[in-house]
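The values are calculated or read from the model by the stated rules, or taken from the named source; none is laboratory data. Not measured: the values here are computed from a predicted model. Every residue, glycine as well, gets a Cβ built from its backbone with ideal geometry; the counts of neighbours run over all protein chains shown. Please note that ligands, DNA and RNA were not included when accessible areas were found on the heavy atoms of the full protein model with its side chains. Shrake-Rupley method; radii C 1.70, N 1.55, O 1.52, S 1.80 Å.
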Amino acid sequence: MKVLTGTSEAPCYAIAVGHTGQMLALAVGPEIHISKKLNSGLFATVNILPDPEDLHPEDANAVICACVIHFLCDDSKVLVIYRQHGIICFSQTENISLWRIIPSFRTIGNSSLSSDGNHLLISDYQGSIAVYSIQSVRGIVELNVVQVTLEHPLDEPVRTIMLNNGGHACGELLGHLRVWNIERVCVSQIMNIDEPSSPSPLKRIHRCGYKWKET
């Protein structure tokens, strides 16, 4: 697959595929490119979303960098999670920002969206996890902030993913995985991945086609 962005030598920090497979959103350097599939099978940038405003005066020189992108609804909305500029929902058809979430922690490292698009989970580099309800533009609510106890400082974000719309899995980068119940804010299960004597970082979590059932 080839994407014509019109930008050379800029890193791509994040990519999202639209629900129909006919659209891409890419974080190309500091810019968010919206690309559509051409008749030739190639993708080409058709729109670049506006830059985010600084959240704090001390962030004036912070590099604009998106770490995760999600498509919402019928691909008409794009949810961009920036490392230091919060979370912004854009209308990619009107090229305007619709709403913004200012998280409780300064730097976002990872994000996951529930399969129904109603809950957004973000995590930082210090073991904090926040879950937001995004069912309506005006009804954004921070449901829970979960503090994960880590034995060592992190060089990369806590890996997280939503499960079955009712819980999320959190990799602690130390050889095991915790499954949390969002409403109860409690651990449902702990799965050991490595031997305790030699834990290794958990780099990525994938959601498979199973249903999570709590007993």
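A compact table of results
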{"item": "Segment 67-90 residues that are on the phi > 0 side of the Ramachandran plot and outside any strand (DSSP E or B), paired with ones that are hydrophobic (A, V, I, L, M, F, W, C) and crowded, with 20+ Cβ neighbours inside 10 Å (beta carbon under 6 Å, 6 or more apart)", "result": "D75/M23"}
{"item": "Strands (runs of 3 or more DSSP E) contained in segment 99-181 and holding at least 2 residues open to solvent by 10 Å² or more (accessible area, probe 1.4 Å) and at pLDDT 70 or above", "result": "110-113, 128-133, 159-163, 176-181"}
{"item": "Residue tally, condition surrounded by 15 or more Cβ atoms within 10 Å (Cβ to Cβ) and part of a strand (DSSP E or B), over segment 37-55", "result": "6"}
{"item": "Any hit, segment 30-52, residues being within 24 Å of I122 (Cβ to Cβ) and touching a residue at least 60 places away in the same chain (Cβ under 8 Å)", "result": "no"}
